[in-house]
Amino acid sequence: MVPGWETGWETAWAIGFWVALVGIAYPYVGYAAVIWLIAKFRQDPYLMSDHLPTVTVLVAAYNEEDVIARKILNSLALDYPKDKLEILVVTDGCTDETDAVIRRYEDQGVRLLSRSQRQGKVNALNAAIPLAQGEIVVCSDANAFFDPQNLKLLVRHFGDPRVALVAGEKRIREDGKAVSAGEGLYWRYESFLKRLDSSVSSALGATGEIFAIRRERFEPLPPDAVIEDFVLSMRYVMQGMRVVYEPAAISWEDASPSFREEFKRKVRIIAGGWQSVIWLRQLLSPRYGLVAFQYLSHRVLRWMVVPFLLPLAFLANVMLAGDPFYALLLAVQVLLYGAAVIGYHLQQRDIRWKPFYIPFYFVFLNVAALMGAYRYLTGRQPVTWEKVQRA
């Protein structure tokens, strides 16, 4: 036991420690096991169709003169009937030559919607989606590149009228650097969970690099939404519609050139996550059944709870370290954080070694989550996005 502490305090610290430990482990490990078991016994099938509707590939861009031509060529090369395919690029107050590059492809059917004032991606989508000609709108980013068969894979899910949004899979090109290894590992784990979530009820969100919606069901998003893809998808779920995941529709993206740039992106996502949870708090109501459980387990706990439980678990463990058992657990925590520190220094040298970069990336994610919470709670997260230069 802890010398000098009353039994009541010892009990309180012990309860706090174990609650924190379970609270940390469940969203990252326990939930995966639970949703895997649910998927073994409960599937929610839906209709699929070979019908090929008209499609608009909508690309949002801000100062992307270095990649926009490649994105347009990638879109023109997609395996889809040309008479049913539209490519629409919406620019958001660009100050470089992005608009000029896009205009070079207008004779190939590419449409440009140029917005002179920068207002953020959500407002660009609000303006562009109602102008799209396709029955299905596939949203993407300028630095995200599709496999040729993506559109056919996405649209087949709209054979079921319950399906409002289809999310594709984001993949990071691993370039041998530690940052790409961390991003790639994270997205592979997310892909695993999305498959299970989608199979039992609904996927919990979409990645902005690749998702498809029914144009007629689109409603303008709040103009200050930070992560518009998540808000859009979960609003559909709240309306009783379904979001499904198509892992074979792959969008490729280069890794961030540094963990500093990746940190900025994660902070923005978590700040937007806090905003979204507040806006969509009704989704935690028991009336949403399994979806409410998934939402709490997969998103809310990871974004809003785990980052605060990590320091609590460490502090409680320190206060209990007079007991040999808790001293051993504290040593384990110190070793894990020590491995994270080593992983930090190794990644600066582009060295990836799983025993070190996995603990580092886990700590990295949760430090970014704490900063994201701070940015949201202090109102310091703008709706406009800061462009991240890719490797």
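The values are calculated or read from the model by the stated rules, or taken from the named source; none is laboratory data. Quantities reported herein were computed from a predicted structural model and do not represent experimental measurements. Backbone-built Cβ (ideal geometry, glycine too); neighbour counts: all protein chains shown.
Can you spot a residue in region 116-139 that is part of a strand (DSSP E or B) and among the small types (G, A, S)?
No, every residue in region 116-139 fails to be part of a strand (DSSP E or B) and among the small types (G, A, S).
Yes or no: L301 modelled with pLDDT of 95 or more, touching a Pro at 6+ places or on another chain (Cβ under 7 Å), assigned to a helix (DSSP H, G or I) and not assigned by TED's automatic domain parsing to the domain that holds Q149?
Against the criterion (modelled with pLDDT of 95 or more, touching a Pro at 6+ places or on another chain (Cβ under 7 Å), assigned to a helix (DSSP H, G or I) and not assigned by TED's automatic domain parsing to the domain that holds Q149), L301 qualifies.
What residue, of F364, F356, is touching a Lys or Arg at 6+ places or on another chain (Cβ under 9 Å), surrounded by 15 or more Cβ atoms within 10 Å (Cβ to Cβ) and under 25 Å from G30 (Cα atoms)?
Testing whether each residue is touching a Lys or Arg at 6+ places or on another chain (Cβ under 9 Å), surrounded by 15 or more Cβ atoms within 10 Å (Cβ to Cβ) and under 25 Å from G30 (Cα atoms) leaves just F364.
Quick one: in region 16-47, of everything that is among the hydroxyl-bearing types (S, T, Y) and over 30 Å from F158 (Cβ atoms), which residue is modelled with the lowest pLDDT?
Y28
Out of D50, D83, D96, D107, which single residue is in the same structural domain as R188 (by TED's automatic domain parsing) and part of a loop (DSSP other than H, G, I, E, B)?
Criteria check complete, one pass: D96.
Any chance you could count how many residues in region 80-99 are modelled with pLDDT of 95 or more and loosely packed, with under 12 Cβ neighbours inside 10 Å?
So the answer is 3.
So which pairs qualify, if the first residue must be in region 347-372 and part of a loop (DSSP other than H, G, I, E, B), the second must be surrounded by fewer than 16 Cβ atoms within 10 Å (Cβ to Cβ) and of a type in the set (G, A, S), the Cβ gap must be under 9 Å, and the two must be at least 6 apart or on different chains?
Within 9 Å, the pairs are D350/G176; R352/G176.
If only one of A292, A327 is hydrophobic (A, V, I, L, M, F, W, C), modelled with pLDDT of 95 or more and more than 30 Å from V231 (Cα to Cα), which one is it?
The conditions single out A327.
Would you point out which residue out of G289, G338 is surrounded by fewer than 15 Cβ atoms within 10 Å (Cβ to Cβ), closer than 29 Å to V200 by Cβ and over 18 Å from the mean Cα position of the chain (by Cα)?
G289
Here are some residues: Q381, Q294. Which one is outside any helix (DSSP H, G or I) and either surrounded by 16 or more Cβ atoms within 10 Å (Cβ to Cβ) or touching a Cys at 6+ places or on another chain (Cβ under 6 Å) (or both)?
None of the others qualify; the one that does is Q381.
Can you pull out the residues in region 210-240 that are of a type in the set (A, V, I, L, M, F, W, C) and in a loop (DSSP other than H, G, I, E, B)?
Those that are of a type in the set (A, V, I, L, M, F, W, C) and in a loop (DSSP other than H, G, I, E, B): F218, L221, A225, V226, I227.
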